[in-house]
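Reading through the structure tokens given below for one structure.
The values are calculated or read from the model by the stated rules, or taken from the named source; none is laboratory data. Note that the coordinates shown come from a computational prediction; the quantities given were computed from them, not determined experimentally. Cβ coordinates were reconstructed from backbone atoms using ideal geometry, including for glycine residues, and neighbour counts include every protein chain displayed.
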Ligand code: C5P
């Protein structure tokens, strides 16, 4: 069936642990990570374009640095649409609109969410019903975090992050996401990681047992104490103020505090929405904000019925 337009959403991700190994020959780093999808969403709408070519526009609050999203061929949602079209042998472009709810270049995989949402939206638009395995392979071609944005929930990531295995976990959590006015480039943070480890042996990354135990039992205090991120020292070198932000969140009763992925967004673990608001209030007392509140885990990219 052909549709007039299809809308899909995809969530932001956080890394509950982010173990980073020695840089590979292809320039990527081996990862051992636990992803969690959290309730901050980008929405992607696809519709037929008047002249059959591809087009893209990006909407959303400038507080999220929306104007930094490229609207050329490098846009990840457009690349996703084109990749799926090539895979399906379809020769017509679509008009894509991205409505951002995820901070841009914040370490929350917003671009990956756009790609995942575009894949499921275009697939539904064309009525293609592409098998899940094929969508996951296309997702991996688009970026290391894109397969997880399709899967959602809580999952283990390996390889360069693109190999995703859902994890059996208990409990649901609230995250206070402290935004930063200015994004950080993921490659720049990985480069800084390499500089910091020059001349040292970097071990193969592992997922901490304590983290998996905390997730299996739903023990929030244990979870907070087991959060880890090997990119955090590199993010601190590029943005020294982040260290103080984490400290203030812990002081403000967060169960855990960590830089999100490659940063610069900071995450604070809370027990429920009122607790999250209490942590945010404490941060605000130090002039830190704005924040978003996000429950986790939530499902991956899906078409809005
Ligand atoms: O896969 P993605 O396009 O999201 O990666 C963006 C950049 O982040 C890569 O070009 C690389 O510099 C860095 N990266 C890395 N190791 C990973 C994932 C990303 O070095 N596992």
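Annotations for the structure displayed:
- Of all the listed residues (285, 224), the sole one being over 25 Å from residue 33 (Cα atoms), more than 16 Å from the ligand (Cβ to nearest atom) and surrounded by fewer than 24 Cβ atoms within 10 Å (Cβ to Cβ) is 285.
- Sole residue being within 16 Å of the ligand (Cβ to nearest atom) and surrounded by fewer than 21 Cβ atoms within 10 Å (Cβ to Cβ), chosen from 108, 163: 163
- For segment 111-124, the tally of residues that are surrounded by fewer than 24 Cβ atoms within 10 Å (Cβ to Cβ) and under 10 Å from the mean Cα position of the chain (by Cα) stands at 0.
- Test: residue in segment 53-68 that is farther than 22 Å from residue 108 by Cα and exposed (fewer than 12 other Cβ atoms within 10 Å of the Cβ): yes
- Strands (runs of 3 or more DSSP E) lying entirely in segment 1-103 (those with 1 or more residues that are within 16 Å of the ligand (Cβ to nearest atom)): 5-20, 31-48
- With respect to the stated conditions, residue 83 is over 18 Å from residue 186 (Cα atoms), crowded, with 17+ Cβ neighbours inside 10 Å and at pLDDT 95 or above.
- Selection count where residues are touching a residue at least 60 places away in the same chain (Cβ under 8 Å) and either in a helix (DSSP H, G or I) or closer than 17 Å to residue 60 by Cβ (or both), scope segment 116-140: 9
- Residues (assigned to a strand (DSSP E or B) and within 22 Å of residue 246 (Cα to Cα)) located in segment 285-303: 291, 292, 293, 294, 295, 296
- Only one of 253, 262 that is under 15 Å from residue 174 (Cα atoms) and either assigned to a strand (DSSP E or B) or in contact (Cβ under 8 Å) with a residue 12 or more places away in the chain (or both): 253
- Residue 138 vs. criteria modelled with pLDDT of 95 or more, within 27 Å of residue 55 (Cβ to Cβ) and either within 16 Å of the ligand (Cβ to nearest atom) or touching a strand residue (DSSP E or B) at 6+ places or on another chain (Cβ under 8 Å) (or both): yes
- Scanning segment 164-210 for residues that are in contact with a strand residue (DSSP E or B) (Cβ under 7 Å, 6 or more places away or on another chain), over 23 Å from residue 144 (Cα atoms) and in a helix (DSSP H, G or I) yields a count of 0.
- Within segment 172-182, the presence of a residue that is buried (at least 18 other Cβ atoms within 10 Å of the Cβ), under 30 Å from residue 219 (Cβ atoms), under 15 Å from the mean Cα position of the chain (by Cα) and near the ligand (Cβ under 9 Å from one of its atoms) is excluded.
- Residues being without any contact (Cβ under 8 Å) to a residue 40 or more places away in the chain and within 19 Å of residue 205 (Cα to Cα) - total across segment 234-250: 0
- Number of the condition not met by residue 118 [criteria: (1) within 16 Å of the ligand (Cβ to nearest atom); (2) on the phi > 0 side of the Ramachandran plot]: (2)
- Members of segment 144-160 found to be part of a loop (DSSP other than H, G, I, E, B), within 16 Å of the ligand (Cβ to nearest atom) and either crowded, with 23+ Cβ neighbours inside 10 Å or at positive phi (or both), listed by number: 145, 159
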